[in-house]
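Structure first, then comments.
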Amino acid sequence: MKLLTATNRYYGLLAGLLFSIGSGLLYFGVLWALQGEVEERLFQQRDYLRREVQRTGRLPGTPFEGRMQLSTTPQPEVLRDVLLLEPLENELEPYRQLTFRLPLNGQTQWVSLSKSLLETEDVRRLVMWLLLGVLGALLGSMVLLNRWLSRRLWAPFEHTLHQLRGYDVQQHQVLQLPDTRIEEFTQLNHTLTHLSERVAADYAILKEFTENAAHETRTPLAIMQAKLEQLLQLPDLPAAAGPLVADLYAAVQRLARLHQALTLLSKIENQQFAVAQPVPLAGLLREKLSQLEAFVEEKQLQLDVQLSAAPVLLLHPALADSLLSNLLHNAIRHNQPGGLLRVQLSATELVISNTGAALAAGQHPEAFFERFRKHNAASDSPGLGLSIVQSIAAFYGFEVRYEYAPDQALHTLRVV
């Protein structure tokens, strides 16, 4: 719900409540005033009759506005509402009737004076329709005013929201938000502009630091790896130092792989692979399977390759190679000896399935896309393979799904 709509809702509720109370008071006030006027006229007629009878001893000849009935039968002296038959229209109509005693010609008469309430009913209906008309006009005006305010006064705010939705810090953008006639919106635009400037500057500094760190650590790692290889090849290396140097060499290799994976992720997030060219996915997949043939044979995996189509996609060659390498390495590394490795390629998706360790009850397959999340904590893998796959897929707008079949312990990665 929009802010203006919520505000107008409360205003509408308050206006409706006050209007309802005011309308009720006005309605019953008008009704009371009209009824009081009728009663006052009846009392005036009663007093007039009493004066004329006392002065002349008979009823006056001038007729009253309304009806007058005489009766010798005793009746209660009251003021009440009655229904009397209208002779011209032959319908019962409401009257206000006043009954009182009047001495006339030496005996007591009961006089009933009646005055029609039709005019009161007409005025009451008029007041009711006027109130309903005013209420409808008020609510309609609020709706029209809400639409006008949404289009006119809140247009700068909608423009600011549109700019924020399209903001991308990786493009080193600084928001360009203009001043408006509304002071609050102008302050908001200034604050967001300054915030985007700081974010862009901090991002540029962080990116520069990452690039420098990646560049400066590459050479020392290569030197360490080369020196350790030379050290392992020394004929006079002490026997006790051999395992230590081997462990150190394995740690350096793992650090080099971690460095390479993090650098690749950073480059993908910084969109440094903008250049794309047609890549025949089926041919590249056969090439990667051929390169990994030794690993497949070492684990005695049952390879099932189904290439029903040969799609050609616009990809960066390095990212296409990394995508397939990480998918296949993941399926081989976490497979069981003698297990199944199935590769399926169609015009719309790439599916790689492998048997592996069963997932625990609390494990969710989607969690393995997180960085440094591994099936086996003791594995020498840095745990970035699936994160790289997901980053490359997101870069090109692909969808990656991790599926698990517990009955076969079959893990499936589907790239749509």
Across Q253, Q35, Q336, the residue with the highest GNM fluctuation in the chain (Cα network, 10 Å cutoff) is Q35
The chain, Kirkwood Rh and Cα Rg, ratio Rg/Rh at 1.48
Here, V30 and L145, labelled 7 Å along Cα→Cβ, have an inter-label distance in nm of 2.4
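I need the calculated FRET efficiency for the pair V199 and R286, taking r as the beta carbon distance and R₀ as 35 Å, to the nearest 0.05. Display every interim value, and only then the final one.
Numbers: r = 45 Å, r/R0 = 1.28.
Here the calculated transfer efficiency is 0.20.
Using the Kirkwood radius over Cα pairs, work out the Stokes-Einstein diffusion coefficient for region 62-154 at 4 °C and 1.567 mPa s, in µm²/s as a whole number.
Values: Rh = 17.5 Å.
Diffusion coefficient, whole number: 74 µm²/s.
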Note: probe point = Cα of Q75 + 7 Å toward Cβ; backbone nitrogen < 13 Å; residues of region 113-132 passing the test are 113-115
Nearest 10, in degrees from 0 to 90: the angle of helix 3-56 to the longest Cα principal axis of the chain is 10
Relative contact order of the chain (C-alpha contacts under 8 Å, at least 6 apart) in percent is 9
With Cα coordinates, the longest principal axis of the chain makes an angle with the long axis of helix 317-333, in degrees rounded to 10, of 80
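Pull out a ≥ b ≥ c, the square roots of the eigenvalues of the alpha-carbon gyration tensor of region 103-213, then state rounded if a/c is under 1.5, prolate if not and a/b is larger than b/c, and oblate in the remaining case.
Verdict is prolate for region 103-213.
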With Cα coordinates, the longest principal axis of the chain makes an angle with the long axis of helix 281-291, in degrees rounded to 10, of 40
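What number, rounded to the nearest 500 deg cm²/dmol, is the helix-based mean residue ellipticity at 222 nm of the chain, given -39500 (n - 2.57) per DSSP H run of at least four residues and division by all its residues?
On the way: 9 runs with 224 residues, N = 416.
After summing the helix terms and dividing by the residues of the chain, the value is -19000 deg cm²/dmol.
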On the formula 1/(1 + (r/R0)^6), with r taken between the Cβ atoms of L85 and L13 and R0 of 56 Å, the FRET efficiency rounded to 0.05 is 0.75
Taking a crude spin-label model, label points 7 Å out from Cα along the C-beta direction, the K299 to A409 distance in nm is 1.3
Share of accessible surface on carbon and sulfur in the chain, whole %, 1.4 Å probe and ligands ignored, is 59
Averaged per residue, the 1.4 Å probe accessible area of the chain, protein heavy atoms only, in Å², is roughly 62
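What is the calculated FRET efficiency for W129 to L314, with r their C-beta to C-beta distance and R₀ = 60 Å, to the nearest 0.05? Each step should come with its number before you reach the end.
Values: r = 70 Å, r/R0 = 1.17.
Computed FRET efficiency for W129 and L314 comes out at 0.30.
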Phi angles of region 402-416, converted by Karplus (6.51 cos²θ - 1.76 cosθ + 1.60, θ = phi - 60°) into ³J(HN,Hα) in whole Hz with x for Gly and Pro, give 9, 10, 9, 9, x, 5, 10, 6, 9, 9, 10, 10, 10, 10, 9
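The values are calculated or read from the model by the stated rules, or taken from the named source; none is laboratory data. Everything quoted here is computed from the prediction, not taken from an experiment. Glycine gets a Cβ as well: all are built from the backbone with ideal geometry, and neighbour counts include every protein chain shown. Surface areas here come from the heavy atoms of the whole protein model, side chains and all, with no ligands, DNA or RNA. Shrake-Rupley method; radii C 1.70, N 1.55, O 1.52, S 1.80 Å.
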